[in-house]
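Worksheet for the structure shown next.
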Amino acid sequence: MFLLGHSHWFLSKVIWWRAAASTAWTVLLLPVTTALFIVLSKASLFHPIQWISESVSLFYGSYVIFCLLILTAVVLFVGFFNLEYYTVVPSIPCTRIALLGKVLHPQQFVHSLAHCMMGMVVAWCASVMIGGRYKFIASPCTEDSGGSAHQMCLNEYHLFLLLAGAFIGYSYSLLGVVRNMNYVSFHTVQQFKYLRFKGALPLVVKYSAVQSLYSLRNYCIFYFFFGYVPRAWICTTMNLHKNSSVTALDTVAGLLDLSLLYHLWISGTFLLVIWYTTMLLFKIYISEAYSVPVQSSFSEDIFQCLPAVLSGKEPMILKFLALQDLALLSQHSPSRRQEVFSLSQPGGHPHNWKDLTQRLVTYHEVVSFNGRAKPQSIGRDQQSTSSDSSVASGMEELAKTPWVSSASHTTGVMPLRSSMTAMSGPQAAGFTPKSDSPFASPAMKRLVGGQDPFSPWFGSVQSPHVTRRRPKLWTSSTAGSPLNGSPSASPAESPVPSPATRTPSFLTLWVHNRQEQVKNFLAKRALIMYLFNKLPEASSQALFADSQAHIWALEGLSHLVVASYTEDRFGVVQTTFSSILSSMLILQEAVDKHFKLPHASSKPVRSSFNLEDTTYKTLRFALRAALKTAIYRITTTFGQHIYAVQMSGEHRKRLQQFMEYRE
């Protein structure tokens with residue numbers, strides 16, 4: 001996420017210091033990790049006394065001290081890349097071609113190249129500390145090799161170890177982007193940093209050892225076929241000769257050297273343990289809870305308060321930590337809850353509560369309406385029912401959406417264009433229900449039932465580019481492209497153009513026909529279909545990638561509403577109680593519709609032997625559980641009093657199911 005050039009106060013005062021502390025702890029652990037590596041690399045079960053004495057004497061040698069300094073620089077670079085590339089919202093490609101583009105991205109190329117170089121540096125340090133035949137890249141030629149004594153020959157064992165470090169470094173970078181290793185998750189249970197590190201350290205060692213074995217297998221296969229290329233290039237560049245008395249390592253006999261394979265595995269494990277420990281400490285420090293003040297007595301610090309952080313264009317890490325703090329204060333801090341329920345002086349206005357609820361309700365609507373934020377006014381919510389306000393804001397957004405307005409000016413407009421334009425105006429928005437809303441009246445559904453704003457046929461037949469290309473919550477794609485494996489829409493499904501509209505030009509029809517021919521031609525190619533077909537569950541996972549923020553918003557809002565039953569002395573929560581319940585019920589209905597889609601309700605298999613953080617794959621289940629828990633929490637606390645809240649008939653029926661514990 002390239003933080004260079006960002007001068008945000010939170011990044012410079014909090015994040016960078018946390019990253020520096022995590023890197024410092026990794027550097028302090030380097031002597032311990034290096035000592036264990038030296039002991040294991042000098043292992044000799046039949047000579048234990050000699051094994052221990054050589055290990056102790058080597059640890060205090062000048063070579064080891066110099067290698068420690070180099071490893072410190074490597075750790076600093078790895079910590080820098082962790083800081084630059086971390087994210088709290090994982091990037092989930094929905095197709096294989098998108099995944100390929102992610103791997104070949106220029107930023108990823110820089111990341112892979114840097115880790116290849118650092119892998120070679122760590123492998124050089126490992127070869128120097130192991131010593132023996134791995135220590136130098138050149139050695140005097142023997143008489144059997146055909147060269148004179150003063151000539152230098154290539155030490156292929158040293159080269160083999162250096163290339164293995166580069167290969168493991170690239171594998172680390174590649175698996176990092178494929179498995180979202182840069183994703184920072186937040187633990188539900190708050191623990192001390194030491195306890196989290198202590199619990200995860202054995203997993204880091206196991207995962208590094210297993211990953212080193214896989215990398216060793218792949219590297220030996222690669223070197224067996226292409227090992228002669230770097231060997232010949234090094235010999236030519238450094239004017240070295242090939243030692244014919246030593247078995248070449250790009251042969252079966254050379255690769256079956258058990259001592260070589262053992263040292264290669266130990267070196268790879270040593271490299272991965274250092275890098276994964278750096279990443280683990282970074283994630284632990286970054287995800288540590290941060291307390292955001294609810295309000296401030298000084299005007300220059302208002303931008304650091306909770307309402308401003310949630311409503312402004314802040315870094316994602318700050319918003320996530322602020323929502324986590326909101327969820328914690330709503331449960332465990334009565335004094336801070338009183339700040340949320342307080343009134344401004346002078347004036348007596350509930351600015352804190354108003355700003356918080358406005359932003360949190362917007363978070364719910366972002367998911368409810370297929371990822372599109374809906375502008376909503378709290379004052380309007382106080383004057384109308386929750387259903388009317390949500391419907392009105394939906395129609396206002398429909399009128400302001402750029403691709404909808406542009407589609408209305410193209411050819412082939414539907415006969416209801418003028419009527420829809422009139423209904424989507426700001427004057428009529430408050431009295432016109434949203435056409436695709438499940439709570440709209442039957443007459444309204446019949447009136448605009450043939451026009452789906454999320455359909456590629458909306459507005460114009462000749463404008464397929466208006467289709468939304470991001471995953472949606474529950475709206476299924478009825479007019480798919482042949483490239484993603486779904487049949488194209490039939491002409492019978494397209495709207496009938498009005499006689500008053502002008503016919504498209506010959507050039508427009510010709511371009512459209514050529515586009516269809518190209519799509520049909522590519523759809524018949526197996527490789528194209530393989531690359532462009534959607535991955536199972538990828539769209540669902542990508543849609544709910546940032547659901548952790550919505551879960552905290554639900555928990556914080558529901559706990560504040562519950563606490564207001566006994567702590568709200570001024571009744572500020574009652575002013576927005578209707579809109580809060582409405583947004584939760586609409587979100588619950590949208591989530592239920594999503595889980596009726598294929599692959600939406602299948603849980604991925606979780607592996608306890610994997611360092612990969614796969615919590616983002618199950619966020620949709622956590623969101624559904626948190627949503628139901630939040631509604632049950634409110635209905636259980638308020639009981640029969642909740643029937644006094646103004647809401648629509650459909651909302652009241654759905655809320656009745658929660659009152660009777662039937663959801």
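Quick one: would you say G199 is under 30 Å from W552 (Cα atoms), open to solvent by 40 Å² or more (accessible area, probe 1.4 Å) and in a helix (DSSP H, G or I)?
Working: under 30 Å from W552 (Cα atoms): yes; open to solvent by 40 Å² or more (accessible area, probe 1.4 Å): yes; in a helix (DSSP H, G or I): yes.
So G199 fits the description; yes.
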- Message: I need a count of the residues in region 292-317 that are more than 28 Å from Y183 (Cα to Cα) and assigned to a helix (DSSP H, G or I).
- Response: 4
- Note on the structure: Taking region 559-585 and keeping only residues that are in a helix (DSSP H, G or I) and either of a type in the set (V, I, T) or under 19 Å from R620 (Cβ atoms) (or both), one is left with V561, V562, T566, V573, T575, I580, S583, M584, L585
- Item | Subset of region 231-264 (residues that are crowded, with 17+ Cβ neighbours inside 10 Å and under 19 Å from G119 (Cα atoms)) | R231, I234, L260, H263, L264
- Query: Within the set of pairs 6 or more residues apart or between chains, which connect a residue that is in contact (Cβ under 8 Å) with a residue 12 or more places away in the chain inside region 182-207 to a residue that is among the charged types (D, E, K, R) and buried (at least 18 other Cβ atoms within 10 Å of the Cβ) with Cβ atoms less than 6 Å apart?
  - Reply: V184/K283
- Query: Within region 609-647, restricting attention to residues that are in contact with a helix residue (DSSP H, G or I) (Cβ under 6 Å, 6 or more places away or on another chain) and in a loop (DSSP other than H, G, I, E, B), which residue is surrounded by the fewest Cβ atoms within 10 Å (Cβ to Cβ)?
  - Reply: Q646
- Query: Mind checking which residues of region 48-69 are touching a helix residue (DSSP H, G or I) at 6+ places or on another chain (Cβ under 7 Å) and open to solvent by 40 Å² or more (accessible area, probe 1.4 Å)?
  - Reply: L58, F59, Y63
- Query: Quick one: A43 ticks every box in (1) in a helix (DSSP H, G or I); (2) touching a Phe, Trp or Tyr at 6+ places or on another chain (Cβ under 7 Å); (3) modelled with pLDDT under 95; (4) hydrophobic (A, V, I, L, M, F, W, C) bar one, so which box is it?
  - Reply: (1)
- Message: I'm checking my understanding of the structure. Among residues of region 131-170 that are at pLDDT 80 or above and at positive phi, which one is surrounded by the fewest Cβ atoms within 10 Å (Cβ to Cβ)?
- Response: G132
- Query: Among the numbered criteria (1) open to solvent by less than 70 Å² (accessible area, probe 1.4 Å); (2) more than 20 Å from M279 (Cα to Cα); (3) in a helix (DSSP H, G or I), which single criterion is violated by F222?
  - Reply: (1)
- Can you tell me which residues in region 72-129 are of a type in the set (V, I, T) and outside any loop (DSSP other than H, G, I, E, B)? T72, V74, V75, V78, T87, T95, I97, V103, V110, V121, V122, V128
- Message: So V605 passes all but one of these: (1) assigned to a loop (DSSP other than H, G, I, E, B); (2) modelled with pLDDT of 90 or more. Which condition number does it fail?
- Response: (2)
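The values are calculated or read from the model by the stated rules, or taken from the named source; none is laboratory data. Being a predicted model, the structure only gives us computed values, none of them experimental. Because the Cβ atoms are built from the backbone with ideal geometry, glycine has one as well, and the counts that use them run over all protein chains shown. Protein only, heavy atoms only, side chains kept; ligands, DNA and RNA dropped before computing areas. Shrake-Rupley method; radii C 1.70, N 1.55, O 1.52, S 1.80 Å.
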